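Working notes for the structure below.
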Amino acid sequence: MAYPTASDIRAKVPVLDKVPLDEDVLVDLIEELVAEFQGIAEEYRGVAYVPRTATDVFPRASTDALLLTWPQVTAVTGVTVDGTSLTVDELADVTTETWGRLYRPVGWHGDITVTYTHGLAETPPAVTRACREFVRAKVLEQTGNGPRNVTSYQDDSGWSYRESTPDWAAGRPTGLQVVDAALNSLPDHRVPGVG
C-alpha cells in the first residue's frame, strides 16, 4: 500500500467531484496536497511511510558509529569516505541497525557520504485515511468562500467558535483534528534528542 492517488481520493471522497475546478487543475491540486501531506506526516512521525532513498553527508567524521537521518533502514547502497567508495568487503564489516545507526569496527574518519533506502514497506491505513481527509479539507477550503486563518468567530446566533491551527508541540501538525488524531495514533520513530 502507498499514499492514495488523486483517483483513489476522488473515489472515496465524492464531494471533490462537485468542486468548481477544471479537471486537470483539480488533479494537480490533489497531487500537490498529497505531496504536502507526505512531507508533514513523515517529518512529524520521523519515518517514511513508503520506501525512499536518502543520502546523508557527515563532514569530518571521527566516530565508530553514524546516526542516519531516517530510521527503518532497509539497505545501505553506497558509502564514500573522502570521495572513495567502500568496497564490498569493507561494506560487509558495517553493521546497520533499522533505527539508523551505522557501526564500523575501524571507525568512520573523514568526509562520509551514505546512500541508503529506508521507510516502511506498507503505508499504515491511518496514514492513507489521514491523507484523504487532509486533501478533502484543503481542497474545499481553497475552493470555498469561507474565511481563511480565522482563529475565532461568533455567528449570528451568538455561538463562538475557535478554529484549530497547526502547532506541532501541541500535537496538531496540520490543525485538522481528524488528521492530527490519526497521525498521533501512529508511533513516533524519531530518536530522542536528535532532529
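The values are calculated or read from the model by the stated rules, or taken from the named source; none is laboratory data. This one's a predicted model, so the numbers in the text were calculated from it and none came from an experiment. Heads up, the Cβs are rebuilt from the backbone with ideal geometry, glycines too, and the neighbour counts pull from every protein chain shown. Keep in mind that these areas ignore ligands, DNA and RNA; they rest on the heavy atoms of the full protein, side chains included. Shrake-Rupley method; radii C 1.70, N 1.55, O 1.52, S 1.80 Å.
Key figures for this structure:
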read-out	value
Solvent-accessible surface ranking, highest first, for Asp188, Asp156 at 1.4 angstrom	Asp156, Asp188
Longest exposed-site-free window of the chain, the sites being GluC sites (Glu not before Pro) in a DSSP loop that have at most 14 other C-beta atoms within 10 Å	1-96
Solvent-accessible surface (1.4 angstrom probe) belonging to His109, in square angstrom, nearest 10	100
Val19-Asp188 FRET efficiency (beta carbon distance; Förster radius 35 Å; 0.05 resolution)	0.55
Length released on extending from Thr53 to Asp82, taking residue separation times 0.36 nm less the Cα-Cα span	8.3 nm
Stretchable slack from Leu91 to Glu31, in nm (0.36 nm times residue separation minus alpha-carbon distance)	17.8 nm
Solvent-accessible area per residue for region 5-146 (1.4 angstrom probe, square angstrom)	52
In sequence order, calculated HN-Hα J values of region 14-30 (Karplus, 6.51, -1.76, 1.60; Hz; x Gly/Pro)	x, 4, 5, 6, 8, 5, x, 10, 4, 3, 5, 5, 5, 4, 4, 4, 4
Sum of -39500 (n - 2.57) over DSSP H runs of 4+, divided by residues of the chain (222 nm, nearest 500)	-10000 deg cm²/dmol
Cα-Cα separations in the chain greater than 30 Å, expressed as whole percent	38
Rounded percent of accessible protein surface that carbon and sulfur make up, the chain, 1.4 Å probe	51
